[in-house]
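Here the structure comes first, spelled out in structure tokens, and everything after it is commentary.
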Amino acid sequence: MNNGDVHPTRVNTTDEWLAPMRFPTTKTLLALLDQLQDAVFVIENAQFVFVNRRLTELFGYPEGELLGKPVFQFVHEDDREMVRERYQARVQGEDVVHEYQYRIVTGTGDVRHVNMRVALVENDEGGGVSLGSLHDITETKNTMRALADSKADIVSILNNFPDVFYRTDMSGIITLMSPSSVDAIGYTPDEMVGRPMADFYCNSSDREAVVKTLNEGVGKACQVEACMRHKDGSPIWVSTNAYVRHDDDGQPMCVEGVARNITERKHFEERLQHLATHDSLTGLPTRWLCMDFIDKAMAIARRHKTKAAVLFLDLNNFKTVNDTLGHEVGDQLLIQVGRRLVGSVREMDTVSRLGGDEFIVVLDNIETHEDVRGVAEKLVAAVCVPYEIGEHEVSTGISIGIALYPDDGEDAEHLVQKADGAMYVAKKGQAEGYYFVTGG
């Protein structure tokens, strides 16, 4: 990558798959994708629709020869059926492993071992794309074979091993640590050997998860993720493969493992998850996340024998603002309205943007109808205060439709429909206010 520049063709390619998901197609995000050490891809209908620079390097094909091609043609023939079955199961909504290893065949005919992590991300139309990353583990595979073939090579290998190789006794005391521990966790091997491995985890339960997986996996643990504490005090994430080593009599003698720092990947996944579930303009949750909020509010109401409320909000005369003052002013108005709505409800309540000038407010643990009316009046009052946007003073109002759980419905979709219908009744009044629908 030269000075952070992004190939123009990559912007167009990214727009095609990001647009329906409302991702911000910025050069910054594309540059971040190309800076990652792992190969990142997006698959739709079993075809590549996005690949970053690292993936083209790994596969040995230019971007144009990957996009639109069936992903399975690049998988080693002995692994192809497994990869195909897991992909089909995932897109059909089945619970399948999201991280596993297989082999690919590069453009030069080389066979490379890769570790894939993939997830199905839902877009606004209810469809989904597979978003994932590949990490080339060929060298790690070769290194582990070398360890088994020649004990004399261990010191040299450990000194150059990118991931952390460690060994503990059966009580969890560290007996061997590779020099890469300094880069991964900040401690030298001398600072770690002789101490319990549990000392370096953020929580004892994280260490227990590794031990539990070893026990349940008949002496093997694969890709167990846990939070550890760096020497500087910051939390880091590691992914561990470990196994119990036995002596000549078959008795367990120690645990050996390889741990990889995946903190960068975790942060990137969190960022992508936020972009997938939050509106890019206002930062508010989108409809997909809003429905989850409604489900949770209904569960709280059932548990406490109270009520939950769904308020469907629509700005009045928003089109006029856009047409007369421009979309930039309209966007700023939506941002400020979102902030006022959030500031007008309790911390336990949630505000989401459905799109356009429509918002939804979900209220938890409501006792009476009057409680909801009070919140609605507060929202109307907050939104109606004029806005200073650049050189303009902008005024707007809001229409609100209200539906209660369980009075008006017992599922999220039904409540949203009832609140939406009530909002249109309020809208017909051509005045800022709200309409309360109950029953049926």
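Structure values in brief
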read-out: Residue check for E393: out of contact with any Cys (no Cβ under 7 Å at 6 or more places or on another chain) and closer than 17 Å to N316 by Cβ; value: yes
read-out: W17, sole failed condition from (1) farther than 28 Å from K141 by Cα; (2) modelled with pLDDT under 90; (3) loosely packed, with under 13 Cβ neighbours inside 10 Å; value: (3)
read-out: Subset of the stretch 74-101 [within 15 Å of L55 (Cα to Cα) and not β-branched (V, I, T)]; value: F74
read-out: Which listed residue is in the same structural domain as D411 (by TED's automatic domain parsing), touching a Ser or Thr at 6+ places or on another chain (Cβ under 9 Å) and among the hydroxyl-bearing types (S, T, Y), from T306, T286, T282; value: T286
read-out: Top-ranked residue in the stretch 206-223 [being among the small types (G, A, S) and farther than 19 Å from I262 by Cα; ranked as modelled with the lowest pLDDT]; value: G217
read-out: When residues of the stretch 144-195 are limited to those that are polar (S, T, N, Q) and either assigned by TED's automatic domain parsing to the domain that holds V40 or modelled with pLDDT of 85 or more (or both), the one nearest to G257 (Cα to Cα); value: T168
read-out: I294 being surrounded by 21 or more Cβ atoms within 10 Å (Cβ to Cβ) and at negative phi; value: yes
read-out: Cβ pairs under 8 Å, 6+ apart, first in the stretch 94-113 and of a type outside the set (V, I, T), second part of a strand (DSSP E or B) and loosely packed, with under 14 Cβ neighbours inside 10 Å; value: R103/V111
read-out: Of all residues making up the stretch 47-75, the number that are in a loop (DSSP other than H, G, I, E, B) and touching a helix residue (DSSP H, G or I) at 6+ places or on another chain (Cβ under 9 Å); value: 5
read-out: Count - residues of the stretch 268-279 that are over 17 Å from F41 (Cα atoms) and exposed (fewer than 15 other Cβ atoms within 10 Å of the Cβ); value: 1
read-out: Within the stretch 342-356, considering residues that are part of a strand (DSSP E or B) and hydrophobic (A, V, I, L, M, F, W, C), the one surrounded by the most Cβ atoms within 10 Å (Cβ to Cβ); value: V351
read-out: Every residue from the stretch 82-97 that is under 16 Å from N45 (Cβ atoms) and in contact with a helix residue (DSSP H, G or I) (Cβ under 9 Å, 6 or more places away or on another chain); value: V83, R84, Y87
read-out: Some residue of the stretch 367-380 being over 36 Å from the mean Cα position of the chain (by Cα), of a type in the set (S, T, N, Q), surrounded by fewer than 20 Cβ atoms within 10 Å (Cβ to Cβ) and closer than 25 Å to E347 by Cβ; value: yes
read-out: Scan of the stretch 297-339 for residues that are of a type outside the set (A, V, I, L, M, F, W, C), more than 23 Å from V425 (Cβ to Cβ), touching a helix residue (DSSP H, G or I) at 6+ places or on another chain (Cβ under 8 Å) and crowded, with 19+ Cβ neighbours inside 10 Å, ordered by number; value: G330
read-out: Failed condition for A259, given (1) in contact (Cβ under 8 Å) with a residue 60 or more places away in the chain; (2) over 30 Å from I173 (Cα atoms); value: (2)
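The values are calculated or read from the model by the stated rules, or taken from the named source; none is laboratory data. Quick caveat: nothing in here was measured; it's all calculated off a predicted structure. Cβ: placed from backbone, ideal geometry, glycine included. Neighbour counts: every protein chain shown.
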